[in-house]
Amino acid sequence: MELLSLHYDVSGTDFTCAGEASSKIKRNLKELGFPTSVIRNVAIAVYEGEINLVIHGGGGVIDVEISPECISIVLADQGPGIPDVALAMQEGYSTAPDNVRQLGFGAGMGLPNIKKYTDEMIIESEVGKGTTIKLKVFVK
Amino acid sequence: MDTYFHSVRLDKDKCRGCTNCIKRCPTQAIRVRNGKAVIIKERCIDCGECIRVCPHHAKYASRDVLSQIEDYKYKVALPAPALYGQFNNLDDVNIILNALPSLGFDSVFEVSKAAELISEATRIYMQQNTHIRPLLSSACPAVVRLIRVCFPELVDNIMPITAPVDEAGRLARIKAVQKTGLKPEEIGIFFITPCPAKVTAIKQPIGIEKSHVDGAIAINDIYPLLLKAMEKTEEADELKALHESGVIGIGWATSGGEASGTLHDNALAADGIENCMKILEEVDRGTLDSVDFIELNACQGGCVGGSLTSENPFIAKSRLMKLRKYSPISCNHLGNRVLPSELLCTSPVEPCDDVMKLADNVAEAMARMNRMKELLKVFPGLDCGTCGAPSCRALAEDIVRGYTTEHDCVFRAREELQELDSNESLDRFIPAPFREKKD
(Lines give C-alpha, C1' and ligand atoms only; values in the text may rest on other atoms or scores of the structure.)
Protein backbone atom coordinates (compact mmCIF):
# COMPACT_ATOMS: atom_id res chain seq x y z
CA MET A 1 0.00 0.00 0.00
CA GLU A 2 1.14 3.49 -0.75
CA LEU A 3 2.30 5.43 2.30
CA LEU A 4 1.39 9.04 2.82
CA SER A 5 4.20 11.54 3.26
CA LEU A 6 3.78 15.10 4.39
CA HIS A 7 6.49 17.72 4.30
CA TYR A 8 6.64 21.06 6.10
CA ASP A 9 9.22 23.82 6.12
CA VAL A 10 9.51 25.63 9.44
CA SER A 11 10.79 29.19 9.40
CA GLY A 12 13.43 30.01 11.99
CA THR A 13 12.93 33.74 11.78
CA ASP A 14 9.22 34.18 12.32
CA PHE A 15 8.25 33.04 15.78
CA THR A 16 4.59 33.89 15.18
CA CYS A 17 4.35 31.08 12.61
CA ALA A 18 5.49 28.44 15.11
CA GLY A 19 2.82 25.80 15.59
CA GLU A 20 1.39 26.06 12.08
CA ALA A 21 2.92 22.82 10.84
CA SER A 22 1.72 20.83 13.86
CA SER A 23 -1.79 22.25 13.40
CA LYS A 24 -1.81 21.13 9.77
CA ILE A 25 -0.50 17.69 10.68
CA LYS A 26 -3.19 17.34 13.32
CA ARG A 27 -5.90 18.35 10.87
CA ASN A 28 -4.65 15.77 8.36
CA LEU A 29 -4.61 13.02 10.98
CA LYS A 30 -8.17 13.90 11.98
CA GLU A 31 -9.30 13.66 8.37
CA LEU A 32 -7.55 10.32 8.06
CA GLY A 33 -9.58 9.02 10.98
CA PHE A 34 -6.83 8.07 13.45
CA PRO A 35 -7.87 7.54 17.08
CA THR A 36 -8.01 10.68 19.22
CA SER A 37 -5.22 9.50 21.54
CA VAL A 38 -2.83 8.93 18.62
CA ILE A 39 -3.61 12.35 17.16
CA ARG A 40 -3.08 14.06 20.51
CA ASN A 41 0.26 12.34 21.10
CA VAL A 42 1.54 13.18 17.63
CA ALA A 43 0.24 16.76 17.85
CA ILE A 44 1.93 17.47 21.17
CA ALA A 45 5.23 15.84 20.18
CA VAL A 46 5.34 17.64 16.83
CA TYR A 47 4.37 20.94 18.42
CA GLU A 48 7.19 20.72 20.95
CA GLY A 49 9.59 19.70 18.20
CA GLU A 50 8.43 22.53 15.97
CA ILE A 51 8.94 25.08 18.74
CA ASN A 52 12.47 23.69 19.22
CA LEU A 53 13.17 24.09 15.50
CA VAL A 54 12.21 27.75 15.78
CA ILE A 55 13.89 28.57 19.10
CA HIS A 56 17.09 26.55 18.78
CA GLY A 57 17.43 25.19 15.27
CA GLY A 58 17.06 28.37 13.25
CA GLY A 59 14.23 26.70 11.36
CA GLY A 60 14.15 23.31 9.72
CA VAL A 61 11.94 20.71 8.14
CA ILE A 62 9.33 18.29 9.38
CA ASP A 63 8.65 15.09 7.47
CA VAL A 64 5.81 12.83 8.43
CA GLU A 65 5.32 9.36 7.04
CA ILE A 66 1.98 7.80 7.70
CA SER A 67 0.88 4.20 7.55
CA PRO A 68 -2.26 2.79 9.17
CA GLU A 69 -0.08 1.19 11.87
CA CYS A 70 2.49 3.87 12.59
CA ILE A 71 3.18 7.57 12.27
CA SER A 72 6.86 8.39 11.82
CA ILE A 73 8.10 11.95 12.20
CA VAL A 74 11.52 13.38 11.40
CA LEU A 75 12.36 16.88 12.60
CA ALA A 76 15.65 18.15 11.20
CA ASP A 77 17.56 21.40 11.55
CA GLN A 78 21.01 22.70 10.72
CA GLY A 79 21.35 24.60 13.95
CA PRO A 80 24.03 24.61 16.65
CA GLY A 81 23.43 21.01 17.73
CA ILE A 82 23.07 19.67 21.28
CA PRO A 83 26.41 19.19 23.14
CA ASP A 84 25.00 16.91 25.84
CA VAL A 85 21.84 15.07 24.78
CA ALA A 86 21.34 13.36 28.17
CA LEU A 87 21.43 16.73 29.91
CA ALA A 88 19.03 18.23 27.37
CA MET A 89 16.58 15.39 28.04
CA GLN A 90 16.34 16.32 31.72
CA GLU A 91 13.11 18.01 32.75
CA GLY A 92 13.63 21.69 33.40
CA TYR A 93 17.00 21.95 31.66
CA SER A 94 16.81 24.80 29.19
CA THR A 95 19.12 26.93 27.09
CA ALA A 96 16.32 29.10 25.70
CA PRO A 97 16.99 32.83 25.62
CA ASP A 98 15.11 35.24 27.88
CA ASN A 99 12.94 36.73 25.14
CA VAL A 100 11.53 33.27 24.41
CA ARG A 101 10.98 32.52 28.09
CA GLN A 102 9.01 35.73 28.44
CA LEU A 103 6.50 34.25 26.00
CA GLY A 104 6.10 31.21 28.21
CA PHE A 105 8.33 28.88 26.22
CA GLY A 106 11.72 27.47 27.12
CA ALA A 107 10.68 25.80 30.37
CA GLY A 108 12.91 22.83 29.66
CA MET A 109 10.00 20.47 29.03
CA GLY A 110 10.18 20.24 25.23
CA LEU A 111 12.33 17.16 24.74
CA PRO A 112 10.98 15.33 27.83
CA ASN A 113 7.44 15.92 26.55
CA ILE A 114 8.34 14.58 23.12
CA LYS A 115 9.70 11.45 24.80
CA LYS A 116 6.56 11.15 26.94
CA TYR A 117 4.13 11.33 24.03
CA THR A 118 5.95 9.08 21.55
CA ASP A 119 6.78 5.36 21.42
CA GLU A 120 10.25 5.79 19.90
CA MET A 121 12.58 8.73 20.00
CA ILE A 122 16.05 8.94 18.51
CA ILE A 123 18.13 12.11 18.71
CA GLU A 124 21.06 12.52 16.33
CA SER A 125 22.96 15.69 17.00
CA GLU A 126 26.32 17.09 16.10
CA VAL A 127 27.62 20.38 17.46
CA GLY A 128 27.89 22.91 14.66
CA LYS A 129 26.04 20.69 12.18
CA GLY A 130 22.50 20.31 13.45
CA THR A 131 19.99 18.04 15.08
CA THR A 132 17.68 15.37 13.73
CA ILE A 133 14.95 13.88 15.90
CA LYS A 134 13.22 10.72 14.72
CA LEU A 135 9.93 9.84 16.33
CA LYS A 136 7.42 7.04 16.08
CA VAL A 137 3.89 6.81 17.39
CA PHE A 138 2.26 3.41 16.96
CA VAL A 139 -1.44 3.02 16.34
CA LYS A 140 -2.55 0.50 18.93
CA MET B 1 -37.86 13.87 11.96
CA ASP B 2 -34.84 14.92 9.96
CA THR B 3 -31.59 14.11 11.76
CA TYR B 4 -30.42 17.66 11.24
CA PHE B 5 -32.51 20.68 12.04
CA HIS B 6 -30.92 23.94 11.04
CA SER B 7 -32.18 27.41 11.72
CA VAL B 8 -29.82 28.88 9.12
CA ARG B 9 -31.43 28.58 5.67
CA LEU B 10 -30.97 29.80 2.14
CA ASP B 11 -33.39 31.90 0.10
CA LYS B 12 -32.56 30.57 -3.35
CA ASP B 13 -34.21 33.45 -5.16
CA LYS B 14 -31.96 35.98 -3.48
CA CYS B 15 -28.74 33.94 -3.76
CA ARG B 16 -26.44 35.18 -6.53
CA GLY B 17 -23.92 32.40 -6.11
CA CYS B 18 -21.14 34.74 -4.95
CA THR B 19 -18.27 33.57 -2.77
CA ASN B 20 -18.85 35.66 0.37
CA CYS B 21 -20.47 32.99 2.52
CA ILE B 22 -18.26 30.09 1.44
CA LYS B 23 -15.19 32.04 2.46
CA ARG B 24 -16.58 33.05 5.84
CA CYS B 25 -18.03 29.74 7.04
CA PRO B 26 -15.87 28.44 9.93
CA THR B 27 -16.62 24.77 9.24
CA GLN B 28 -16.44 25.05 5.44
CA ALA B 29 -20.05 23.98 5.27
CA ILE B 30 -21.10 25.93 2.17
CA ARG B 31 -20.43 25.32 -1.52
CA VAL B 32 -21.76 27.09 -4.59
CA ARG B 33 -23.33 24.56 -6.95
CA ASN B 34 -25.15 25.48 -10.15
CA GLY B 35 -25.03 29.14 -9.25
CA LYS B 36 -26.55 28.82 -5.78
CA ALA B 37 -25.15 28.27 -2.31
CA VAL B 38 -25.68 24.83 -0.80
CA ILE B 39 -25.33 24.24 2.95
CA ILE B 40 -23.80 20.90 3.95
CA LYS B 41 -26.09 20.02 6.83
CA GLU B 42 -23.67 17.71 8.65
CA ARG B 43 -21.16 20.55 8.95
CA CYS B 44 -23.37 23.57 9.64
CA ILE B 45 -23.23 24.73 13.27
CA ASP B 46 -25.84 27.51 12.89
CA CYS B 47 -23.42 30.21 13.94
CA GLY B 48 -24.99 32.74 11.60
CA GLU B 49 -21.72 34.02 10.12
CA CYS B 50 -23.15 33.59 6.61
CA ILE B 51 -26.26 35.58 7.52
CA ARG B 52 -24.05 38.42 8.64
CA VAL B 53 -21.82 38.40 5.58
CA CYS B 54 -24.31 37.80 2.73
CA PRO B 55 -24.67 41.06 0.79
CA HIS B 56 -27.90 39.85 -0.84
CA HIS B 57 -29.59 38.76 2.40
CA ALA B 58 -30.05 35.31 0.93
CA LYS B 59 -29.19 33.60 4.21
CA TYR B 60 -31.77 33.80 6.93
CA ALA B 61 -32.62 32.22 10.24
CA SER B 62 -35.83 30.29 10.50
CA ARG B 63 -37.58 31.20 13.75
CA ASP B 64 -41.04 31.43 15.22
CA VAL B 65 -43.35 34.34 14.52
CA LEU B 66 -45.13 36.18 17.30
CA SER B 67 -48.56 34.87 16.28
CA GLN B 68 -47.43 31.35 17.21
CA ILE B 69 -47.82 32.18 20.88
CA GLU B 70 -51.59 32.05 20.26
CA ASP B 71 -51.35 28.25 20.10
CA TYR B 72 -51.08 28.25 23.89
CA LYS B 73 -53.51 29.21 26.64
CA TYR B 74 -50.86 30.94 28.74
CA LYS B 75 -47.85 32.58 27.17
CA VAL B 76 -44.56 33.37 28.85
CA ALA B 77 -41.79 35.53 27.35
CA LEU B 78 -38.19 34.71 28.21
CA PRO B 79 -36.18 37.83 27.34
CA ALA B 80 -32.46 37.25 26.75
CA PRO B 81 -30.35 39.76 28.66
CA ALA B 82 -29.02 40.92 25.28
CA LEU B 83 -32.49 42.42 24.68
CA TYR B 84 -31.86 45.00 27.40
CA GLY B 85 -29.00 46.53 25.44
CA GLN B 86 -31.08 47.25 22.33
CA PHE B 87 -32.76 50.47 23.50
CA ASN B 88 -31.40 53.97 23.61
CA ASN B 89 -31.72 55.99 26.82
CA LEU B 90 -33.27 53.13 28.75
CA ASP B 91 -32.71 53.60 32.45
CA ASP B 92 -34.90 50.84 33.83
CA VAL B 93 -35.15 47.25 32.62
CA ASN B 94 -38.65 47.15 34.11
CA ILE B 95 -39.89 49.26 31.19
CA ILE B 96 -39.09 46.38 28.81
CA LEU B 97 -40.46 43.74 31.13
CA ASN B 98 -43.70 45.68 31.71
CA ALA B 99 -44.11 46.29 27.97
CA LEU B 100 -43.68 42.67 26.84
CA PRO B 101 -47.21 41.62 27.97
CA SER B 102 -48.78 44.12 25.57
CA LEU B 103 -47.33 42.00 22.75
CA GLY B 104 -49.58 39.17 23.88
CA PHE B 105 -47.63 37.52 26.68
CA ASP B 106 -49.27 36.71 30.01
CA SER B 107 -46.06 36.86 31.97
CA VAL B 108 -42.32 37.40 31.71
CA PHE B 109 -39.43 35.39 33.11
CA GLU B 110 -35.94 36.84 32.74
CA VAL B 111 -33.30 34.49 31.35
CA SER B 112 -30.76 36.47 33.40
CA LYS B 113 -32.42 35.09 36.55
CA ALA B 114 -31.66 31.54 35.46
CA ALA B 115 -28.20 32.67 34.33
CA GLU B 116 -27.37 33.63 37.91
CA LEU B 117 -28.37 30.16 39.06
CA ILE B 118 -26.24 28.63 36.32
CA SER B 119 -23.30 30.78 37.45
CA GLU B 120 -23.70 29.42 40.96
CA ALA B 121 -24.04 25.87 39.65
CA THR B 122 -20.86 26.41 37.61
CA ARG B 123 -18.94 27.43 40.72
CA ILE B 124 -20.06 24.28 42.53
CA TYR B 125 -19.36 22.06 39.53
CA MET B 126 -15.85 23.53 39.18
CA GLN B 127 -15.11 22.77 42.83
CA GLN B 128 -16.45 19.24 42.62
CA ASN B 129 -14.79 18.30 39.34
CA THR B 130 -11.20 19.40 39.54
CA HIS B 131 -10.06 16.51 37.32
CA ILE B 132 -11.48 18.05 34.13
CA ARG B 133 -9.53 21.10 33.02
CA PRO B 134 -10.19 23.37 31.36
CA LEU B 135 -13.97 23.23 31.65
CA LEU B 136 -15.67 24.64 28.57
CA SER B 137 -18.92 26.56 28.84
CA SER B 138 -21.95 24.86 27.31
CA ALA B 139 -23.99 28.05 26.97
CA CYS B 140 -23.31 29.01 23.33
CA PRO B 141 -24.98 26.37 21.15
CA ALA B 142 -22.90 27.32 18.10
CA VAL B 143 -19.72 26.67 20.09
CA VAL B 144 -21.01 23.32 21.37
CA ARG B 145 -21.73 22.34 17.76
CA LEU B 146 -18.35 23.66 16.64
CA ILE B 147 -16.64 21.45 19.23
CA ARG B 148 -18.63 18.40 18.11
CA VAL B 149 -17.69 18.86 14.46
CA CYS B 150 -14.17 20.34 14.54
CA PHE B 151 -12.84 19.37 17.99
CA PRO B 152 -14.69 16.12 18.78
CA GLU B 153 -11.89 15.08 21.16
CA LEU B 154 -12.87 17.94 23.48
CA VAL B 155 -16.54 17.04 24.07
CA ASP B 156 -15.70 15.68 27.52
CA ASN B 157 -14.43 19.11 28.57
CA ILE B 158 -17.85 20.67 27.96
CA MET B 159 -19.49 21.38 31.29
CA PRO B 160 -22.66 19.24 31.50
CA ILE B 161 -24.82 22.05 32.85
CA THR B 162 -27.90 23.25 30.98
CA ALA B 163 -27.97 26.67 29.33
CA PRO B 164 -29.70 29.57 31.14
CA VAL B 165 -32.52 29.66 28.60
CA ASP B 166 -33.47 26.06 29.32
CA GLU B 167 -33.42 26.54 33.06
CA ALA B 168 -35.46 29.71 32.62
CA GLY B 169 -37.99 27.73 30.55
CA ARG B 170 -38.22 25.00 33.17
CA LEU B 171 -38.72 27.42 36.06
CA ALA B 172 -41.17 29.57 34.10
CA ARG B 173 -43.34 26.56 33.30
CA ILE B 174 -43.43 25.43 36.94
CA LYS B 175 -44.37 28.94 38.01
CA ALA B 176 -47.05 29.25 35.33
CA VAL B 177 -48.61 25.90 36.20
CA GLN B 178 -48.75 26.87 39.87
CA LYS B 179 -50.31 30.20 39.06
CA THR B 180 -52.89 29.11 36.48
CA GLY B 181 -53.60 25.47 37.27
CA LEU B 182 -53.24 24.72 33.54
CA LYS B 183 -51.52 21.63 32.21
CA PRO B 184 -47.80 22.11 31.45
CA GLU B 185 -48.42 21.62 27.71
CA GLU B 186 -50.98 24.42 27.70
CA ILE B 187 -48.24 26.87 28.67
CA GLY B 188 -46.23 28.37 25.79
CA ILE B 189 -42.68 29.41 26.68
CA PHE B 190 -41.03 31.69 24.10
CA PHE B 191 -37.43 32.81 24.12
CA ILE B 192 -36.69 36.28 22.76
CA THR B 193 -33.51 35.23 20.99
CA PRO B 194 -30.46 37.13 19.78
CA CYS B 195 -29.23 34.33 17.50
CA PRO B 196 -30.19 31.44 15.18
CA ALA B 197 -28.08 28.92 17.13
CA LYS B 198 -30.50 29.23 20.05
CA VAL B 199 -33.40 28.51 17.68
CA THR B 200 -31.64 25.32 16.64
CA ALA B 201 -30.83 24.45 20.26
CA ILE B 202 -34.53 24.69 21.13
CA LYS B 203 -35.72 22.62 18.15
CA GLN B 204 -32.91 20.08 18.39
CA PRO B 205 -31.25 20.25 21.80
CA ILE B 206 -27.90 18.71 22.71
CA GLY B 207 -27.39 17.53 26.29
CA ILE B 208 -31.10 17.29 27.13
CA GLU B 209 -33.83 15.20 25.45
CA LYS B 210 -36.32 17.98 24.97
CA SER B 211 -36.02 21.71 25.42
CA HIS B 212 -38.09 23.36 28.12
CA VAL B 213 -38.75 26.16 25.66
CA ASP B 214 -41.51 25.93 23.02
CA GLY B 215 -40.34 28.52 20.55
CA ALA B 216 -37.93 31.32 19.75
CA ILE B 217 -38.80 34.79 18.51
CA ALA B 218 -36.04 37.00 17.13
CA ILE B 219 -35.14 40.19 18.94
CA ASN B 220 -35.14 42.11 15.67
CA ASP B 221 -38.61 40.81 14.76
CA ILE B 222 -40.30 42.17 17.87
CA TYR B 223 -38.08 45.23 18.22
CA PRO B 224 -40.40 47.76 16.51
CA LEU B 225 -43.50 46.45 18.31
CA LEU B 226 -41.73 46.43 21.63
CA LEU B 227 -40.38 49.93 21.14
CA LYS B 228 -43.93 51.25 20.66
CA ALA B 229 -45.23 49.32 23.64
CA MET B 230 -42.39 50.67 25.76
CA GLU B 231 -43.35 54.26 24.94
CA LYS B 232 -46.80 53.62 26.37
CA THR B 233 -45.40 51.79 29.37
CA GLU B 234 -43.13 54.68 30.18
CA GLU B 235 -46.12 57.02 30.31
CA ALA B 236 -47.97 54.76 32.72
CA ASP B 237 -47.87 55.77 36.36
CA GLU B 238 -46.61 52.61 37.89
CA LEU B 239 -44.14 50.00 36.77
CA LYS B 240 -44.31 46.55 38.28
CA ALA B 241 -40.92 45.54 39.71
CA LEU B 242 -40.28 42.54 37.47
CA HIS B 243 -36.53 42.93 37.05
CA GLU B 244 -34.95 40.45 39.41
CA SER B 245 -31.39 39.91 38.29
CA GLY B 246 -28.11 41.61 38.97
CA VAL B 247 -24.66 42.26 37.57
CA ILE B 248 -23.92 38.58 36.95
CA GLY B 249 -27.20 37.82 35.18
CA ILE B 250 -27.03 40.78 32.80
CA GLY B 251 -23.32 40.16 32.33
CA TRP B 252 -24.13 36.96 30.45
CA ALA B 253 -25.20 39.07 27.45
CA THR B 254 -21.64 40.12 26.75
CA SER B 255 -18.37 38.26 26.36
CA GLY B 256 -16.62 37.76 29.68
CA GLY B 257 -19.83 37.93 31.71
CA GLU B 258 -20.19 34.22 32.21
CA ALA B 259 -16.49 33.83 33.05
CA SER B 260 -16.59 36.63 35.61
CA GLY B 261 -19.76 35.06 37.05
CA THR B 262 -17.64 32.11 38.13
CA LEU B 263 -15.99 34.54 40.60
CA HIS B 264 -12.80 32.78 39.73
CA ASP B 265 -9.70 34.54 38.49
CA ASN B 266 -8.35 31.58 36.56
CA ALA B 267 -10.93 31.84 33.79
CA LEU B 268 -10.74 32.91 30.17
CA ALA B 269 -13.30 34.33 27.76
CA ALA B 270 -13.06 34.51 23.97
CA ASP B 271 -15.59 35.72 21.44
CA GLY B 272 -15.92 35.60 17.69
CA ILE B 273 -15.94 32.22 16.00
CA GLU B 274 -12.36 32.43 14.72
CA ASN B 275 -11.04 33.38 18.15
CA CYS B 276 -13.01 30.50 19.66
CA MET B 277 -11.35 28.13 17.19
CA LYS B 278 -7.91 29.44 18.11
CA ILE B 279 -8.60 28.90 21.81
CA LEU B 280 -9.94 25.39 21.14
CA GLU B 281 -6.75 24.65 19.17
CA GLU B 282 -4.78 25.63 22.27
CA VAL B 283 -6.98 23.49 24.52
CA ASP B 284 -6.49 20.61 22.12
CA ARG B 285 -2.74 21.14 22.26
CA GLY B 286 -2.83 20.99 26.05
CA THR B 287 -1.44 24.47 26.59
CA LEU B 288 -4.51 25.61 28.56
CA ASP B 289 -4.74 22.66 30.97
CA SER B 290 -4.00 25.00 33.86
CA VAL B 291 -7.00 27.25 33.10
CA ASP B 292 -10.09 26.31 35.11
CA PHE B 293 -12.92 27.69 33.01
CA ILE B 294 -13.26 28.87 29.42
CA GLU B 295 -16.20 30.87 28.15
CA LEU B 296 -16.58 30.87 24.38
CA ASN B 297 -19.09 32.91 22.42
CA ALA B 298 -19.40 32.38 18.68
CA CYS B 299 -20.51 35.96 18.12
CA GLN B 300 -18.23 38.92 18.46
CA GLY B 301 -18.92 40.66 21.74
CA GLY B 302 -20.97 37.74 23.02
CA CYS B 303 -24.75 37.35 22.67
CA VAL B 304 -25.18 41.07 21.96
CA GLY B 305 -23.37 40.29 18.69
CA GLY B 306 -25.99 37.73 17.62
CA SER B 307 -27.23 38.01 14.05
CA LEU B 308 -30.85 38.47 15.17
CA THR B 309 -30.23 41.57 17.29
CA SER B 310 -31.08 45.11 16.21
CA GLU B 311 -28.27 47.13 17.72
CA ASN B 312 -24.54 47.26 17.10
CA PRO B 313 -22.94 44.93 19.69
CA PHE B 314 -20.48 47.51 20.99
CA ILE B 315 -23.24 50.05 21.59
CA ALA B 316 -25.40 47.39 23.23
CA LYS B 317 -22.51 46.40 25.48
CA SER B 318 -21.94 49.96 26.59
CA ARG B 319 -25.64 50.34 27.44
CA LEU B 320 -25.66 47.13 29.45
CA MET B 321 -22.68 48.36 31.46
CA LYS B 322 -24.72 51.43 32.40
CA LEU B 323 -27.90 49.47 33.09
CA ARG B 324 -26.30 47.04 35.49
CA LYS B 325 -24.41 49.72 37.40
CA TYR B 326 -25.54 49.93 41.02
CA SER B 327 -27.30 46.56 40.67
CA PRO B 328 -26.77 43.82 43.22
CA ILE B 329 -24.09 41.32 42.18
CA SER B 330 -26.63 38.51 42.02
CA CYS B 331 -30.32 38.28 42.94
CA ASN B 332 -30.83 34.54 42.47
CA HIS B 333 -29.31 31.77 44.54
CA LEU B 334 -29.45 28.01 44.71
CA GLY B 335 -29.68 28.12 48.46
CA ASN B 336 -27.92 25.23 50.10
CA ARG B 337 -24.87 25.21 47.82
CA VAL B 338 -25.87 21.87 46.35
CA LEU B 339 -25.94 21.34 42.61
CA PRO B 340 -29.56 20.44 41.74
CA SER B 341 -29.86 17.53 39.34
CA GLU B 342 -32.30 19.55 37.20
CA LEU B 343 -29.41 21.77 36.15
CA LEU B 344 -27.34 18.88 34.88
CA CYS B 345 -27.47 17.69 31.27
CA THR B 346 -29.25 14.37 30.93
CA SER B 347 -27.40 13.09 27.87
CA PRO B 348 -23.74 13.42 26.91
CA VAL B 349 -22.61 15.65 24.06
CA GLU B 350 -21.84 13.16 21.31
CA PRO B 351 -18.81 13.89 19.13
CA CYS B 352 -19.42 14.10 15.37
CA ASP B 353 -16.01 12.78 14.43
CA ASP B 354 -17.15 11.32 11.14
CA VAL B 355 -17.88 14.68 9.55
CA MET B 356 -14.29 15.62 8.78
CA LYS B 357 -13.03 12.11 7.98
CA LEU B 358 -12.11 11.50 4.36
CA ALA B 359 -13.19 7.84 4.46
CA ASP B 360 -14.44 5.16 6.83
CA ASN B 361 -11.07 3.45 7.12
CA VAL B 362 -7.56 4.85 7.45
CA ALA B 363 -6.16 3.09 4.36
CA GLU B 364 -8.83 4.51 2.07
CA ALA B 365 -8.50 7.94 3.70
CA MET B 366 -4.73 7.81 3.07
CA ALA B 367 -5.25 7.00 -0.59
CA ARG B 368 -7.64 9.92 -0.84
CA MET B 369 -5.23 12.29 0.87
CA ASN B 370 -2.46 11.22 -1.51
CA ARG B 371 -4.78 12.07 -4.40
CA MET B 372 -5.49 15.44 -2.75
CA LYS B 373 -1.76 16.11 -2.62
CA GLU B 374 -1.50 15.48 -6.37
CA LEU B 375 -4.47 17.75 -7.06
CA LEU B 376 -3.05 20.55 -4.94
CA LYS B 377 0.09 20.49 -7.07
CA VAL B 378 -1.92 21.41 -10.17
CA PHE B 379 -4.38 23.82 -8.54
CA PRO B 380 -3.27 27.47 -8.51
CA GLY B 381 -3.43 27.86 -4.71
CA LEU B 382 -5.28 31.17 -4.99
CA ASP B 383 -8.29 30.02 -2.95
CA CYS B 384 -10.35 32.22 -5.29
CA GLY B 385 -13.59 30.39 -4.64
CA THR B 386 -14.64 30.43 -8.30
CA CYS B 387 -15.03 26.64 -8.20
CA GLY B 388 -17.64 27.02 -5.49
CA ALA B 389 -15.41 25.65 -2.73
CA PRO B 390 -13.82 27.95 -0.13
CA SER B 391 -10.23 26.93 -0.94
CA CYS B 392 -8.20 24.81 -3.36
CA ARG B 393 -7.82 22.29 -0.56
CA ALA B 394 -11.58 22.14 0.00
CA LEU B 395 -12.09 21.51 -3.75
CA ALA B 396 -9.49 18.73 -3.63
CA GLU B 397 -11.37 17.26 -0.68
CA ASP B 398 -14.70 17.45 -2.54
CA ILE B 399 -13.11 15.71 -5.54
CA VAL B 400 -11.66 12.80 -3.56
CA ARG B 401 -14.98 12.42 -1.79
CA GLY B 402 -16.53 12.05 -5.24
CA TYR B 403 -18.74 15.13 -5.06
CA THR B 404 -17.27 16.92 -8.05
CA THR B 405 -14.39 16.92 -10.55
CA GLU B 406 -11.32 19.02 -11.18
CA HIS B 407 -13.09 20.69 -14.10
CA ASP B 408 -14.63 23.00 -11.51
CA CYS B 409 -11.29 24.81 -11.29
CA VAL B 410 -11.20 27.67 -13.82
CA PHE B 411 -7.44 27.44 -14.00
CA ARG B 412 -7.55 23.76 -14.85
CA ALA B 413 -10.18 24.60 -17.45
CA ARG B 414 -7.84 27.20 -18.90
CA GLU B 415 -5.12 24.61 -19.30
CA GLU B 416 -7.50 22.23 -20.98
CA LEU B 417 -8.54 24.92 -23.41
CA GLN B 418 -4.93 25.56 -24.19
CA GLU B 419 -4.37 21.92 -24.96
CA LEU B 420 -7.15 22.19 -27.54
CA ASP B 421 -5.65 25.32 -29.03
CA SER B 422 -1.97 24.88 -28.43
CA ASN B 423 -0.74 27.86 -30.46
CA GLU B 424 -2.44 30.35 -28.18
CA SER B 425 -1.12 31.73 -24.95
CA LEU B 426 -2.74 30.46 -21.79
CA ASP B 427 -3.35 33.98 -20.68
CA ARG B 428 -5.95 34.65 -23.35
CA PHE B 429 -8.52 32.76 -21.32
CA ILE B 430 -8.19 34.38 -17.95
CA PRO B 431 -8.89 37.81 -16.49
CA ALA B 432 -6.06 40.33 -16.41
CA PRO B 433 -5.29 40.19 -12.68
CA PHE B 434 -4.37 36.52 -12.97
CA ARG B 435 -2.23 36.75 -16.11
CA GLU B 436 1.48 36.12 -15.92
CA LYS B 437 3.66 39.21 -15.90
CA LYS B 438 5.49 39.82 -19.19
CA ASP B 439 8.93 41.46 -19.21
Tell me which of these B:A365 doesn't satisfy, since it passes every other one: (1) within 14 Å of chain A (Cβ to nearest Cβ); (2) outside any helix (DSSP H, G or I); (3) not hydroxyl-bearing (S, T, Y). (2)
Those residues that are away from chain B (no Cβ under 11 Å) and at positive phi, I need them from the range A:28-59; list them, please. A:G58, A:G59
Restricting the search to the range B:206-235, which residues are outside any helix (DSSP H, G or I) and closer than 18 Å to B:F87 by Cα? B:I217, B:A218
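Can you find a residue in the range B:390-397 that is crowded, with 16+ Cβ neighbours inside 10 Å, of a type in the set (D, E) and away from every other protein chain (no Cβ under 12 Å)?
no
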Restricting the search to the range A:60-70, which residues are surrounded by 19 or more Cβ atoms within 10 Å (Cβ to Cβ) and away from chain B (no Cβ under 11 Å)? A:G60, A:I62, A:V64
Name every residue in the range B:328-356 that is of a type outside the set (V, I, T) and crowded, with 17+ Cβ neighbours inside 10 Å, in order of residue number. B:S330, B:C331, B:N332, B:L334, B:L339, B:L343, B:C345, B:P351, B:C352, B:D353, B:M356
In the set B:G251, B:G272, which member is under 19 Å from B:R123 (Cβ atoms), among the small types (G, A, S) and away from every other protein chain (no Cβ under 14 Å)? B:G251
Whichever residue in the range B:259-282 is among the acidic types (D, E) and over 16 Å from the mean Cα position of the chain (by Cα) and, among such residues, is farthest from B:L146 (Cα to Cα): B:D265
For the range A:10-22, which residues satisfy the criterion of being modelled with pLDDT of 90 or more and within 10 Å of chain B (Cβ to nearest Cβ)? A:S22
Do we have any residue at all in the range A:78-92 that's within 30 Å of B:P152 (Cβ to Cβ) and either within 14 Å of chain B (Cβ to nearest Cβ) or surrounded by 14 or more Cβ atoms within 10 Å (Cβ to Cβ) (or both)? no
Filter the range B:311-362 down to residues that are within 25 Å of B:C299 (Cβ to Cβ), assigned to a loop (DSSP other than H, G, I, E, B) and among the charged types (D, E, K, R), then give me how many there are. 4
Tell me the residue from A:I25, A:I73 that is under 20 Å from B:D284 (Cβ atoms), more than 10 Å from chain B (Cβ to nearest Cβ), assigned to a helix (DSSP H, G or I) and of a type in the set (V, I, T), please. A:I25
Residues that are out of contact with any strand residue (DSSP E or B) (no Cβ under 8 Å at 6 or more places or on another chain) and surrounded by fewer than 17 Cβ atoms within 10 Å (Cβ to Cβ), drawn from the range B:95-107: B:S102
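The values are calculated or read from the model by the stated rules, or taken from the named source; none is laboratory data. Computed from a predicted model, the values in this text were never measured in an experiment. Because the Cβ atoms are built from the backbone with ideal geometry, glycine has one as well, and the counts that use them run over all protein chains shown.
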